[in-house]
Amino acid sequence: MTRGMAVDRDDRRVWAIIGAVVVLGLLFIPLSQALFGLRYTYTVRVVALGGAVLGLISGALGSFAVLRRESLLGDALSHAALPGVAVAFLLAGRELSALLIGAGAASWLGLRFSAALLATTRIKRDAALGIVLASWFAAGIALLAYIQSIPDASQAGLDHFIFGQAAAIIESDVRLVSGVGLVVLLALALFWKEFKLVTFDAEFAAANGFRTGVVNTALSTLIVITIVLGLQLAGVILMVGMLIAPGIAARQWTRKLEQMVALAALFGAFAGGVGAVISALDSDIPTGPMIIVVAFVLVLMSLAFAPERGLVWRRLRQRANRREFAARNTLRDLHRYALAHGGADSPVPDEFIRGVANRSAGLGLSELRGDGFLTQSAEGWRLSQSGIERARRDQRNQRLWEAYRLHAHELGLPNVAEERERDIASILGGEAVARLERRMPRSADA
Amino acid sequence: MGVEPAMRTRNDLALSIDDLTVAYHEKPAIWDIDLDVPAGVLMGVVGPNGAGKSTLIKAALNLIPRAAGTVSFYGKPYEAARSLVGYVPQRGSVDWDFPTSALDVVTMGLYGKLGWFRRPGRAERALALAALDQVGLADFAGRQISQLSGGQQQRTFLARALVQDAQIYFMDEPFAAVDAVTENAIVGILRELNQRGKTVLVVHHDLQTVREYFDWVALLNVEVIAAGPTAEAFTLENLRKTYGGRVSSLHGGQLLAAGAP
């Protein structure tokens with residue numbers, strides 16, 4: 001039952017963050033109108049939609065790149081697309097679908113080349129990817145320089161593929177991206193189980209008859225398609241950020257793969273849409289960097305504030321734990337001393353308790369006093385009735401855990417992790433505790 | 001196409017390995033392995049580090065390419081016998097920070113039966129939950145796997161193999177870095193599998209417990225040094241051949257004493 005509640009709480013948290021991002025996204029529209037005087041003209045709406053759709057797709061696919069530790073692969077693949085854009089331009093002119101097919105082909109060739117390097121040489125994976133990234137990108141830059149030297153007006157804007165330029169996006173582009181993107185997402189849904197298994201445990205997948213080569217190629221191909229779709233907007237250099245940043249942010253908020261992917265898609269859509277709109281303010285602002293800035297803010301916020309994994313949360317919990325342990329230990333020390341000096345409610349000198357554990361005693365005393373477990377008088381600290389009860393309960397709990405360790409096997413009790421700070425009855429149930437009680441070690445001060 | 005006469009006699013063998021050699025780059029990791037494992041034994045595979053124990057399992061399961069040799073399960077090649085084979089990889093082989101629950105990991109044991117594209121449903125989850133219960137982790141079904149202790153993670157892997165409902169199980173160091181409680185729990189499960197007529201092959205490190213845990217043993221150091229019933233194969237002589245001089249000075253007499261009735 002507690003388990004069910006914990007799961008519900010996790011799910012609620014994900015819904016809360018989904019709601020927050022949606023509200024932020026909606027708020028951004030009037031806010032940008034008021035602050036920047038941005039007018040949501042047809043062009044801006046197209047750009048915003050394009051950015052959002054792209055972010056959605058790359059966030060979803062990028063989650064897998066993050067989990068598979070393939071950020072470098074994503075980076076190499078997007079850089080490797082550039083020569084394809086140039087070659088396609090030389091062959092077919094400035095036709096977007098042709099440029100994207102060229103980009104995809106070059107990227108895919110880069111992928112195969114690095115795979116071939118890995119299979120036939122002893123070069124390590126990161127080096128193989130690094131060499132593909134650098135050489136393909138270099139070829140792309142050289143070809144672009146050559147194209148720029150050709151006297152032909154239509155090559156203008158080809159270098160936008162380096163950093164991305166939303167202003168160049170028109171409605172038909174958005175339609176193309178949405179159509180292909182939908183196919184990519186459907187493929188992701190279709191291969192969901194296989195992608196998950198291969199990402200988590202490829203060896204086990206292979207042992208169960210899944211052709212991991214096929215699954216990996218399918219996933220890589222989807223990632224290549226996603227990269228290609230994003231090139232016009234984000235550019236080859238920064239596309240990797242659009243791919244992985246939403247996944248990194250999403251991972252902080254959830255423990256479930258499907259939630260992570262959904263959240264990454266949402267974060268991606270937010271970053272893509274907002275970033276594209278900001279860059280549309282002025283044709284000199286490149287779109288890729290703007291999207292990445294927004295995505296990076298999401299990453300930072302998530303790393304800092306996400307419950308459990310977030311930095312702020314972890315710090316707070318560490319402090320709470322420290323106080324809790326200090327209180328527990330101090331209570332135990334007070335109780336023991338009092339019992340040995342006349343009874344549970346006899347006073348304990350301040351020097352004694354601070355002498356035992358100076359720093360944590362101070363922390364523990366203030367915590368215990370806040371809980372009403374003790375009072376201070378001239379003679380020292382005195383446990384209140386509730387403090388004595390609490391101390392007895394803690395003591396009994398510890399003894400039960402000791403008994404559990406010694407006798408669990410012979411009593412046929414279930415095998416649970418010994419979480420000694422937790423109430424044993426809540427873990428094992430009252431019936432088991434009653435049986436343990438009979439085996440409880442006697443202690444001198446009981 | 002008729003069945004080869006030699007193959008028919010192998011049907012009572014759960015696992016039959018002939019001339020198996022695997023080489024990483026030029027150096028062989030395992031060399032000319034011949035190993036017959038009768039059905040229904042609980043078998044320990046022991047040998048020093050780098051002896052090729054994991055390699056043997058992976059090569060048998062077609063996870064790494066073989067340089068030479070054939071492997072058959074109940075007389076059938078792996079492709080035909082896949083549903084008869086369960087596998088527990090080393091715990092360290094996966095990223096336990098992967099966003100998924102213990103129940104989900106166990107359900108993965110059924111993906112192979114589901115085949116491509118079919119999704120696990122209620123029936124699969126019930127089977128997975130039963131397997132988790134069998135390893136004493138029913139209460140941890142919803143836990144994120146990074147929040148499980150090492151021993152609990154190992155038991156989750158075991159449950160994932162149990163749910164495969166195989167005839168022969170390959171376990172790669174299930175006892176590595178687990179506490180005594182988990183070790184006992186795992187041994188209990190191995191015995192139960194054994195009683196149900198399953199064949200279990202376990203890569204094992206602790207020579208002290210070999211006689212206690214296993215009724216069949218293979219001593220491996222790139223080649224098979226000895227294989228057979230534990231009482232016959234697990235001798236000081238064979239251990240010396242497997243581990244070199246080290247074993248007599250480290251464990252020798254104590255080992256055999258521990259195994260004596």
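The values are calculated or read from the model by the stated rules, or taken from the named source; none is laboratory data. Everything numeric in this text was worked out from a predicted model, so none of it was measured. Reconstructed Cβ throughout: ideal geometry from the backbone, glycine too, with neighbour counts over all protein chains shown. To get the accessible areas, we keep the full protein, side chains included, count just its heavy atoms, and leave off ligands, DNA and RNA. Shrake-Rupley method; radii C 1.70, N 1.55, O 1.52, S 1.80 Å.
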So what's the projected area for region A:227-300, the Cα convex hull averaged over all directions, in nm²?
-> 4.6
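Between chains B and A, what is the buried accessible area in Å², counting both sides, with a 1.4 Å probe and ligands, DNA and RNA left out, to the nearest 100? Provide the component values of the computation, followed by the final result.
Numbers: alone 12700 and 23090 Å², together 32260 Å².
Using a 1.4 Å probe, the pair buries roughly 3500 Å².
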Could you give log10 I(q)/I(0) at q = 0.10, 0.12, 0.19 Å⁻¹ for region A:128-264, computed by the Debye formula over C-alpha point scatterers of equal weight, without solvent?
-> -0.46, -0.65, -1.27
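State, as an integer percentage, the relative contact order of region A:46-164 based on alpha-carbon contacts under 8 Å between residues 6 or more apart. Don't skip to the end; give the middle numbers.
On the way: 112 pairs, mean separation 35.1, N = 119.
Relative CO of region A:46-164 lands at 30 percent.
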Coarse-grained scattering of chain A at q = 0.08, 0.10 Å⁻¹, given as base-10 log I(q)/I(0) from a Debye sum over alpha-carbon atoms = -0.65, -0.81
For region B:129-185, build the convex hull from the C-alpha positions and give me its volume per residue in Å³.
-> 83
Once all protein chains are kept in place, A:V44 shows an accessible area at probe 1.4 Å, nearest 10 Å², of 10
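Which whole number in µm²/s is D for region A:190-229 by Stokes-Einstein, with the Kirkwood Rh taken over Cα pairs at 20 °C and 1.002 mPa s? Intermediate values should be presented prior to the final figure.
Values: Rh = 10.3 Å.
Calculated translational D: 207 µm²/s.
Over all residues in B:93-104, what is the mean tally of Cβ atoms on other chains that come within 10 Å of each residue's Cβ? The partial results should precede the final answer.
Working: counts 4, 6, 6, 1, 4, 8, 14, 8, 4, 0, 0, 4.
Mean shielding count: 5.
Can you tell me the FRET efficiency between B:E26 and A:I123 if r is taken as the Cβ-Cβ distance and R0 is 30 Å, rounded to the nearest 0.05? Before the final figure, lay out the partial values.
Numbers: r = 17 Å, r/R0 = 0.58.
FRET efficiency, B:E26 to A:I123: 0.95.
Would you work out if region A:17-93 is rounded, prolate or oblate? Take a ≥ b ≥ c from the square roots of the eigenvalues of the alpha-carbon gyration tensor; rounded if a/c is under 1.5, else prolate when a/b is larger than b/c, oblate otherwise.
Values: a/c = 3.47, a/b = 1.40, b/c = 2.48.
Taking the square roots of the gyration eigenvalues as a ≥ b ≥ c, region A:17-93 is oblate.
Could you tell me what percent of the DSSP beta bridges with both partners in chain B are antiparallel, to the nearest 5?
Working: 22 of 39 bridges.
Of the beta bridges lying entirely in chain B, close to 55 percent run antiparallel.
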Could you do me a favour and compute the accessible area per residue for chain A, 1.4 Å probe, result in Å²?
-> 48
When the accessible area of region A:168-248 is split by element with a 1.4 Å probe, what percent falls to carbon and sulfur?
-> 73
Phi-based couplings in Hz for region A:218-229 (Karplus 6.51, -1.76, 1.60; Gly and Pro marked x) | 4, 5, 4, 5, 4, 5, 4, 4, 4, 4, 4, 4
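Suppose a student asked you for the relative contact order of region A:159-295, using Cα pairs under 8 Å spaced at least 6 residues apart; what percent would you report? Intermediate values should be presented prior to the final figure.
Values: 148 pairs, mean separation 45.1, N = 137.
Computed over region A:159-295, the figure is 33 percent.
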Across every pair of different alpha-carbon atoms, what Kirkwood hydrodynamic radius in Å does region B:6-162 reach?
-> 17.4
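Kindly give Rg over Rh for region A:362-426, based on alpha-carbon atoms, with the Kirkwood expression for the hydrodynamic radius. List each step's numbers first, then the result.
On the way: Rg = 16.0 Å, Rh = 13.8 Å.
Taking Rh as the inverse mean 1/r over Cα pairs, Rg/Rh reads 1.16.
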Can you work out D for region B:102-240 in µm² s⁻¹ from Stokes-Einstein, where Rh is the Kirkwood radius over C-alpha pairs, the temperature is 4 °C and the viscosity is 1.567 mPa s?
-> 80
So how much accessible area does A:R435 have, in Å² to the nearest 10, using a 1.4 Å probe?
-> 70
Highest-first arrangement of B:86-93, B:74-81, where packing means the average Cβ count within 10 Å = B:86-93, B:74-81
Expressed in nm to one decimal, what extension gain is obtained for the pair A:R420 and A:R317 from 0.36 nm per residue of sequence separation less their Cα-Cα distance?
-> 35.3 nm
Quick one, what does Rg over Rh come out to for region A:258-376 if you take C-alpha atoms and the Kirkwood Rh?
-> 1.41
